[in-house]
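Read the structure below first, then the notes.
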Amino acid sequence: MDQSGAVPMKQLVYDTFGDPDVLRVTEASVPEPGPDQVCVRVAAAGVNPIDWKTRRGLGFVARQIEDDLPWIPGYDMAGEVVSVGDRVSTLVPGDRVLGMVGFPVDGGACAQYVLAPSAELAIVPEELDLLHAGGLPLAGLTAWQALFEVGNLEKGQKVLVHAGAGGVGHLAVQFALERGAHVVATASAENRDFLAGLGVHEVIDYHQVDFVNECYGLDLVLDLVGGSVGRRSLHTLSEQGVLVTVPTATADEVISEAERMGLRAHGITVRPDVFQLEEILELIEDGDVRVHVDGVFPLADAPAAHRLLEGGHVRGKLVLDLWS
């Protein structure tokens with residue numbers, strides 16, 4: 001206990017932007033939920049590209065928090081409800097939940113206890129363990145919103161997913177397949193069998209083959225790489241096709257190139273949506289979608305997780321285990 005008698009918890013923080021070594025574990029008091037909040041004992045927190053980019057001082061979130069450090073990173077979490085606010089009637093202690101919390105500026109998921117509005121949390125089905133659940137929310141919602149809200153993907157259409165074996169990519173290809181699309185994905189050779197196992201129709205080894213020469217007349221391109229890959233992908237679209245580019249740093253240049261070519265391209269900023277999460281969880285419950293976790297790290301090894309993700313070529317998701 002601390003001097004006030006409160007039970008301490010561990011949390012991940014950084015006081016300055018920089019390389020992964022700026023991440024450190026500190027102690028704080030377990031928070032008390034407000035009237036519409038629940039307190040969740042976090043089992044797992046997902047690690048996403050936005051986490052290392054913000055830690056580096058890059059992007060929108062970094063600009064918002066630079067005068068408010070130290071900061072607790074993380075948006076993905078899954079765990080068990082331990083207490084609820086006075087006005088919460090939908091969740092009770094013991095419920096297993098997941099959600100995308102504190103997005104984009106508050107963060108906070110990389111802590112042993114987290115407060116979240118009850119309306120932003122979904123129940124984790126029995127078929128999904130909490131470690132895998134912790135890697136789902138941000139990547140799953142990004143894939144879902146990019147494909148179906150921005151890209152308007154429909155049954156029978158042909159879609160190309162860049163970086164198909166990554167965190168967002170491996171979920172996007174499964175969502176698109178479930179919707180009845182013909183799915184093409186770019187990946188390295190070592191991920192060919194992984195993607196084929198998910199049901200992807202065509203896997204293009206980007207080290208060996210130029211995807212522009214292989215793809216034409218596409219209805220949708222989901223660009224998870226950005227930059228020159230996004231710009232060159234415009235040449236694979238049909239006249240009515242659309243490209244959705246996720247990396248915000250290069251979105252403007254890709255969209256401008258599309259306009260110059262008379263084509264459509266859009267950026268995307270993911271947002272919390274518990275109803276979409278519940279749709280995704282139904283697919284997992286039915287066995288139609290699975291979350292692949294490539295690595296599990298204790299909280300103290302968060303720098304190693306950041307370093308691995310920042311280096312690229314992670315298959316699926318990395319998660320922090322806060323119960324270990």
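None of the figures in this text is laboratory data; all of them are computed from the coordinates on show. Since we're looking at a predicted model, the values are computed, not measured. Neighbour counts run over all protein chains shown; Cβ positions are idealised from the backbone, glycine included.
Here are a few things to note about the model shown:
- Whole-Å distance, taken between Cα centres, linking region 119-151 and region 235-287: 16 Å
- Under-5 Å amide H pairs with THR186, H placed in peptide plane, nonlocal only: VAL161, HIS162, ALA163, GLY164, ILE204
- Global geometry of the chain, whether rounded, prolate or oblate, following the gyration tensor of its Cα atoms and the 1.5 cut on a/c: prolate
- Where trypsin sites (Lys or Arg not before Pro) in DSSP loops with at most 11 other Cβ within 10 Å are excluded, longest remaining stretch of the chain: 156-324
- For GluC sites (Glu not before Pro), the sites in region 25-119 that DSSP calls loop and that have at most 14 other Cβ atoms within 10 Å are GLU66.
- Net charge in the neighbourhood of GLN112 (other residues with Cβ under 13 Å of its Cβ; Lys, Arg +1, Asp, Glu -1) is -1.
- Under 5 Å between amide hydrogens, built in the peptide plane, is the criterion, and for TRP71 it picks out TYR14 among residues at least 5 positions away or on other chains.
- Local net charge near GLY57, Cβ-Cβ under 10 Å (Lys/Arg +1, Asp/Glu -1): +3
- Couplings 3J(HN,Hα) for region 103-114, derived from phi with the Karplus relation 6.51 cos²θ - 1.76 cosθ + 1.60 (θ = phi - 60°), are 9, x, 9, 7, x, x, 6, 8, 8, 5, 9, 9 Hz, where x marks Gly and Pro.
- Reach of LYS155 by Cα under 14 Å, taken over aspartates and glutamates that are not fewer than 8 positions away in the same chain: GLU178, ASP219
- Converting phi to 3J(HN,Hα) with the Karplus coefficients 6.51, -1.76 and 1.60 and the offset θ = phi - 60°, region 75-83 yields 10, 8, 7, 9, x, 10, 5, 10, 7 Hz in sequence order, with x at every glycine or proline.
- Total formal charge among the other residues, if their Cβ is under 13 angstrom from that of GLY79, Lys/Arg +1 and Asp/Glu -1: -3
- Each residue of region 276-281 was assigned a 3J(HN,Hα) from its phi angle through the Karplus curve 6.51 cos²θ - 1.76 cosθ + 1.60 (θ = phi - 60°); the sequence is 5, 4, 5, 5, 5, 5 Hz, with glycine and proline shown as x.
- A straight Cα-to-Cα reach below 17 Å connects LYS317 with the lysines LYS53, residues fewer than 8 places away in its own chain not being considered.
- Between helix 251-261 and the chain: long-axis angle, C-alpha atoms, 0 to 90°, nearest 10: 20 degrees
- Overall form of region 190-320 per C-alpha gyration tensor (a/c, 1.5; a/b vs b/c): prolate
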